Amino acid sequence: MLATKMQSAINQQIHNEIASGYLYLAMAAYLESQNYSGAAHWMREQYREEVEHAGKLFKYMNDRNARVVLEGIEKPQVDFGTLKDVFTLVLSHERKVTASIDSLYELAVADKDFATQIELQWFVKEQLEEEKTAQDILVQIEACDGKPHLMLMIDHQLGKRGK
Ligand code: MG
């Protein structure tokens, strides 16, 4: 049986993953409105992944006979500025998610909860990847220096995610 404190911490993380997905879906809607259809596609893929992350923890809770309790989700922002602003926010958001995964892991170590540590290792690696991806895209956007034809190329590249 999962410790009560661990159960509520994982429930909180399920909320974080769903809320992240919701933020990315809001970004997808914004990017569509700005005619960045490739970046919007990238963001919908990101949304889908976040929902999968929540689903992974949802399954883990059930496997451990723990009760999943869902919380309300706040309305995300509507406008996100330039493409650079969008990916700057993605990076800072993912850094926050990394911090929340790290503190979950810390709790699992303190509790000597080995099964949860193993479950969380996937998330630790995933966060490494999330931060690297956002960072790489940001470097590319900065290299374009706002030149429209180069920004179009980036949008086209982002549109290939998962294809
Ligand atoms: Mg995630």
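Considering only the stretch 117-132, how many residues are within 12 Å of the ligand (Cβ to nearest atom) and either β-branched (V, I, T) or touching a strand residue (DSSP E or B) at 6+ places or on another chain (Cβ under 8 Å) (or both)? Counting residues in the stretch 117-132 that are within 12 Å of the ligand (Cβ to nearest atom) and either β-branched (V, I, T) or touching a strand residue (DSSP E or B) at 6+ places or on another chain (Cβ under 8 Å) (or both) gives 1. May I ask you to say which residue of E45, E52 is free of Cβ contacts under 8 Å to residues at least 12 places away in the same chain and not polar (S, T, N, Q)? Answer to the selection: E52.
Do we find that S92 is in a helix (DSSP H, G or I) and open to solvent by 30 Å² or more (accessible area, probe 1.4 Å) in this structure? It is true that S92 is in a helix (DSSP H, G or I) and open to solvent by 30 Å² or more (accessible area, probe 1.4 Å). Taking residues in the stretch 1-20 that are in contact (Cβ under 8 Å) with a residue 24 or more places away in the chain and closer than 21 Å to R44 by Cβ, and partners anywhere that are of a type in the set (G, A, S) and outside any helix (DSSP H, G or I), the pairs with Cβ atoms closer than 9 Å and at least 6 places apart or on different chains are H15/G72. Looking across the stretch 27-69, not a single residue is open to solvent by 70 Å² or more (accessible area, probe 1.4 Å), among the polar types (S, T, N, Q) and within 16 Å of the ligand (Cβ to nearest atom). Give me the residue from the stretch 95-132 that is in contact (Cβ under 8 Å) with a residue 60 or more places away in the chain and not in a helix (DSSP H, G or I) and, out of that set, surrounded by the fewest Cβ atoms within 10 Å (Cβ to Cβ). Step by step, filter the stretch 95-132, then rank; the result is D111.
Residues of the stretch 71-89 that are open to solvent by 40 Å² or more (accessible area, probe 1.4 Å) and in a helix (DSSP H, G or I): K84, D85, T88, L89. Pairs, please: C-beta under 7 Å, at least 6 apart or cross-chain, first residue loosely packed, with under 12 Cβ neighbours inside 10 Å and in the stretch 152-163, second not hydrophobic (A, V, I, L, M, F, W, C)? Listed pairs, sorted by first residue: G162/E45.
The values are calculated or read from the model by the stated rules, or taken from the named source; none is laboratory data. Quantities reported herein were computed from a predicted structural model and do not represent experimental measurements. Cβ sites come from the backbone with ideal geometry, for glycine too, and all protein chains shown count toward neighbours. Note: areas computed on protein heavy atoms with side chains; ligands, DNA, RNA excluded. Shrake-Rupley method; radii C 1.70, N 1.55, O 1.52, S 1.80 Å.
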